[in-house]
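What follows is a set of notes on a single structure, which appears directly below.
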Amino acid sequence: MSRFVSCLSEEDQEFDEIKNAAAAFYRTNRVPEELERALGELFFQNPEDVHGYLANYFTELSSQPLISRLNGKEVYDSRGQLCAEAEVFCMICNREKRMSSAAISSHLGQKDPFLDWQAKSEERAYHVKTAVHWIVEPLNKMLKEQNPCDQSDVDQKLSNFFMARHQEEKELKEKEESLSTSEQEVEVPSSPPEKKKEKKTDKKKKGSSEKPFCPAEPPEPLLPGCLAIGSVSLAVAKSGAQIKGMPLYKYIRALKNPEDQARFHIPVSLVTLLSCGKTSPGKLNLLEEVILIPNAGQQVKQVLNSPTTPLIITMSTQLQKEMMRIMSTSSKAGVTQAILSDSGVLPVNFDRPEQALDLITEACNNLALELGTEIHLAMNCAGPDLMDYDREQWEKLSSVIGQSCVLLSDKTNKPQAPPLPGVTGHILKHINEITVSDLISVTSELQGSVLLGTTSNESCDDDSLSDIAVGLGLDYVKLGGLASAERMTKYNRLVSIEEELAQQGILVSKEQHSPPLFTETEAQVV
């Protein structure tokens, strides 16, 4: 035998070694068994597309997709402002594939868009640049080889990273403040006696002429780069849904409650009819907007089994057009040519709240819509501009109007804060460092009283908010007006989900799922 082997050429010996190694490789990876099983099933199935069948068969045997890398880039939102977009890439069947992307909004600074706009633009640019750096560098390394379907683990890592950066920023500021205090303690020559006396007199006069007022709470400082956390979390969730072959709303429902996949309902869409406040003409600063609340039983769009049900979008659009007609033809003082704002809402040049309500009432009468029966109204008041920030003021407000009005508080930035007196509902927005797991946690604790809202600067082509609202099982969603790309994209997504659920027979009607927050016995004031 040794003589026979020695007679083989060197080339033949190398080929023999390769064949033995290949055979061992195939046995180790069970390739012959899987080939035999695939060919057997192929013969009995007799598919039209033979190679497509084999491709699907072996795709199901492929390894679990893992995140290969993250990419971050600067994009523009619906108002032309910079935003950070996160892209997720995964290795699938030994090839890298771009799975999804997400760019969530951020709230920076004052509501007045014209107040120091250049400084705010520079601040936003710095926040976005930092977020992109986070995505491309530390978050990319941290999530490499991570299973994109393990949302809770991904979000925990993202939150831990954010808290570590937040602690670093806090320690840095404390160090800077300590150095500043040390410099101030350096001895400085005292001022002349006469000047000190004059300064004391001026202070006394000023104090006697002003009444003490509780100052506004300073805005929560945003950590530069926090946009990366929420954007990556949503992008990973969208990737997980794609890998599982599920729409995003069903994927989020599975994350929240894996056993509840048989019953879905569409959140009641609160449609903004009029915008007031500081960004609109007129003196009506303390009334932010007037909102239409559809009645229970109304659908976003007509579905197959309910041909006579009133349609929310159709009704709201007709009401908006009629208000525009009234404003354009009216000769009343304070009325100007009716045009829609860039957020799809009708801004009004009014000075008193009753003017806005009179306009809507007249339009409803012209269209034979009954207020309080077919539709309800809500007024979103500018709470921070209406009162000071003591808890005592909330208690007084609740005792005065709590029986006739619904008080909502924002749970976005302080989800763990104790509830305010009289508050029966909560507004939640997906912004900054809020992860998908955070949304699930907050809505689970406050089930039945959460209203998911949009922001004013979102992506024009992202409809994820509609999926999130349905997946979380919320009763309300506030998408804004009906005449802008970023809003209508979300409304259209709600329509698609509604039709899909109706066709599958798992859409729960609104009559069976009566929203608890706004009832017919309450005056609808937000």
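The values are calculated or read from the model by the stated rules, or taken from the named source; none is laboratory data. Just so we're clear, the structure is a prediction, and the values are computed from it rather than from any experiment. All Cβ positions, even for glycine, are placed from backbone atoms using ideal geometry, and neighbour counts span all protein chains on display. Heads up: the accessible areas ignore ligands, DNA and RNA and are worked out on the full protein's heavy atoms, side chains in. Shrake-Rupley method; radii C 1.70, N 1.55, O 1.52, S 1.80 Å.
Quick rundown of the values:
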{"quantity": "Over 26 Å between alpha carbons, listed pairs LYS396/LYS478; LYS238/LYS429; LYS157/LYS244; LYS144/LYS170; LYS141/LYS244", "calculated": "LYS396/LYS478; LYS144/LYS170"}
{"quantity": "Burial order of peptide ranges 46-58, 484-496 (average beta-carbon count within 10 Å, highest first)", "calculated": "484-496, 46-58"}
{"quantity": "Solvent exposure, largest accessible area first (probe 1.4 Å, DNA, RNA and ligands not counted), of LEU42, LEU451, LEU371", "calculated": "LEU371, LEU42, LEU451"}
